[in-house]
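The values are calculated or read from the model by the stated rules, or taken from the named source; none is laboratory data. Note that the structure is a prediction, hence the values are computed from the model and not measured. Glycine also receives a Cβ, built like all others from the backbone with ideal geometry; neighbour counts cover every protein chain displayed.
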Amino acid sequence: NERLTLQSEKLKLAGEIAAGVTHEIRNPMTVISGFVQMMNEDPQSPYHTYTNIIQSEIERIDLIISEFLVLSKPLAEQKNRLNLSEIIQDIILFFEFQLEQRQIQLIQQLSEETLFIYGNTNQIKQVFINIVKNAIEAIDQNGTITLISCHDHHFAYIEIADTGEGIPNHLIDYVFEPFYTTKTTGTGLGMMISNKIICEHGGTIHLHSEEHVGTAITLKIPLHHLKKDA
Ligand code: ADP
Ligand code: MG
């Protein structure tokens, strides 16, 4: 499958770039940012129009860098037994204020059992943040986000569904492509990175979307069982 090979080559390349370059870019960026801020704060400066633009573009670069940073190798190698149920609660708290502000209703149907997986906390949190953020951004007003978790013998299943604008059929294939975005301030990296992280945890992401109806993302992640006699 040529398309899939190309996709995984791209992911591999993205990971390598992330590991090698992101830290190196951050340092000079901090210096530039400091000086621009200084120029911005000078009331005599005739360049406020430009320095404001520079500053907001620096913030944009910073956003792209921090999205790439979760892919970096040393971070990715730190894996532990994780309480997935607890992570989901953290994410709900993280978005609580924003949801209330946007008048988005959150419906929770969470597994009563505590679900454990084996993975990297920051990366798994980042996946949830990326997906919930997209759900919020897809809802214009008065929508609903539904969060469902359940499990079978081997896997945890988490569904994040929104009643947002949905994705037209002919564009669904592009969602996981790096730098594909339909937003003016988007990076087009969130879904690509989420997919990569979930794959590296032995799981899968499934996306179902209907234009003007909404989008549902289902994550399937291997459960981490403790050996009874250990
Ligand atoms: P970004 O959010 O920066 O645009 P993402 O990789 O997170 O990048 O998403 C890529 C694109 O996929 C989005 O620009 C949007 O068009 C589409 N998309 C992702 N999630 C949703 C969703 N829940 N509802 C509608 N469109 C979505
Ligand atoms: Mg996004």
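Examine region 54-64 for a residue that is within 16 Å of ligand 2 (Cβ to nearest atom), touching a Ser or Thr at 6+ places or on another chain (Cβ under 6 Å) and at pLDDT 95 or above, and state whether such a residue exists.
no
Strands (runs of 3 or more DSSP E) wholly in region 79-119 with at least 2 residues that are touching a residue at least 60 places away in the same chain (Cβ under 8 Å) - which ones?
Numbers: elements: 80-83, 105-109, 116-119.
Ranges flagged: 80-83, 116-119.
Condition first: away from ligand 1 (no atom under 14 Å from the Cβ), in contact with an Asp or Glu (Cβ under 8 Å, 6 or more places away or on another chain) and of a type outside the set (Val, Ile, Thr). Can you find one or more residues in region 124-142 that meet it?
At the first step, the residues of region 124-142 found to be away from ligand 1 (no atom under 14 Å from the Cβ) are 124-125, 141-142.
Filter again for in contact with an Asp or Glu (Cβ under 8 Å, 6 or more places away or on another chain), leaving 125.
Applying the additional criterion that residues be of a type outside the set (Val, Ile, Thr) yields 125.
So far as region 124-142 goes, yes, one or more of its residues are away from ligand 1 (no atom under 14 Å from the Cβ), in contact with an Asp or Glu (Cβ under 8 Å, 6 or more places away or on another chain) and of a type outside the set (Val, Ile, Thr).
Quickly run through region 177-213 and pick out the residues that are part of a loop (DSSP other than H, G, I, E, B), of a type in the set (Val, Ile, Thr) and near ligand 1 (Cβ under 9 Å from one of its atoms). Lay out the reasoning, then the answer.
At the first step, the residues of region 177-213 found to be part of a loop (DSSP other than H, G, I, E, B) are 177-189, 201-203, 211-213.
Checking which are of a type in the set (Val, Ile, Thr) leaves us with 181-182, 184-185, 187, 213.
Of everything in region 177-213, those that are part of a loop (DSSP other than H, G, I, E, B), of a type in the set (Val, Ile, Thr) and near ligand 1 (Cβ under 9 Å from one of its atoms) turn out to be Thr181, Thr182, Thr185, Thr187.
Pull out all pairs, ordered by first then second residue, where Cβ-Cβ is under 7 Å, the residues are six or more apart or on different chains, the first lies in region 156-185 and is over 13 Å from Thr215 (Cβ atoms), and the second is acidic (Asp, Glu) and within 12 Å of ligand 2 (Cβ to nearest atom).
So the pair list comes out as Lys183/Glu137.
Can you tell me which residue in region 193-206 is farthest from Ser56 (Cα to Cα), limited to those that are buried (at least 19 other Cβ atoms within 10 Å of the Cβ) and more than 10 Å from ligand 2 (Cβ to nearest atom)? I'd like the intermediate steps shown before the answer.
The initial filter retains those residues of region 193-206 that are buried (at least 19 other Cβ atoms within 10 Å of the Cβ), namely 193-198, 201, 203, 205.
Next cut, more than 10 Å from ligand 2 (Cβ to nearest atom) only: 195-198, 201, 203, 205.
Details: Asn195: 28, Lys196: 28, Ile197: 29, Ile198: 31, His201: 35, Gly203: 36, Ile205: 33 Å.
If we take residues in region 193-206 being buried (at least 19 other Cβ atoms within 10 Å of the Cβ) and more than 10 Å from ligand 2 (Cβ to nearest atom), then Gly203 is farthest from Ser56 (Cα to Cα).
Restricting region 147-160 to residues that are within 15 Å of the chain's Cα centre (by Cα) and either of a type in the set (Lys, Arg) or away from ligand 2 (no atom under 13 Å from the Cβ) (or both), which is nearest to Glu112 (Cα to Cα)? I'd like the intermediate steps shown before the answer.
Quick first cut of region 147-160, residues within 15 Å of the chain's Cα centre (by Cα) only: 158-160.
Remaining after also requiring either of a type in the set (Lys, Arg) or away from ligand 2 (no atom under 13 Å from the Cβ) (or both): 158-159.
Details: Ile158: 13, Glu159: 15 Å.
Applying the filter and picking the extreme gives Ile158.
For Asn169, only one of the following conditions fails: (1) within 15 Å of ligand 2 (Cβ to nearest atom); (2) more than 18 Å from Leu84 (Cβ to Cβ). What is its number?
Against the list (1) within 15 Å of ligand 2 (Cβ to nearest atom); (2) more than 18 Å from Leu84 (Cβ to Cβ), Asn169 comes up short only on (1).
Given the options Glu77, Glu2, name the one that is under 21 Å from Ile221 (Cα atoms), surrounded by fewer than 13 Cβ atoms within 10 Å (Cβ to Cβ) and at pLDDT below 85. Outline the logic, then answer.
Values: Glu2 fails: under 21 Å from Ile221 (Cα atoms).
Glu77 is the lone residue from the list that is under 21 Å from Ile221 (Cα atoms), surrounded by fewer than 13 Cβ atoms within 10 Å (Cβ to Cβ) and at pLDDT below 85.
Identify the residue in region 136-168 that is among the charged types (D, E, K, R) and in a loop (DSSP other than H, G, I, E, B) and, among all such residues, is modelled with the lowest pLDDT.
Filtering region 136-168 for residues among the charged types (D, E, K, R) gives 137, 140, 152, 159, 162, 165.
Okay, now just the ones that are also in a loop (DSSP other than H, G, I, E, B), so 140, 152, 165.
Working: Asp140: 88, Asp152: 96, Glu165: 97.
Restricting to residues being among the charged types (D, E, K, R) and in a loop (DSSP other than H, G, I, E, B), the top hit is Asp140.
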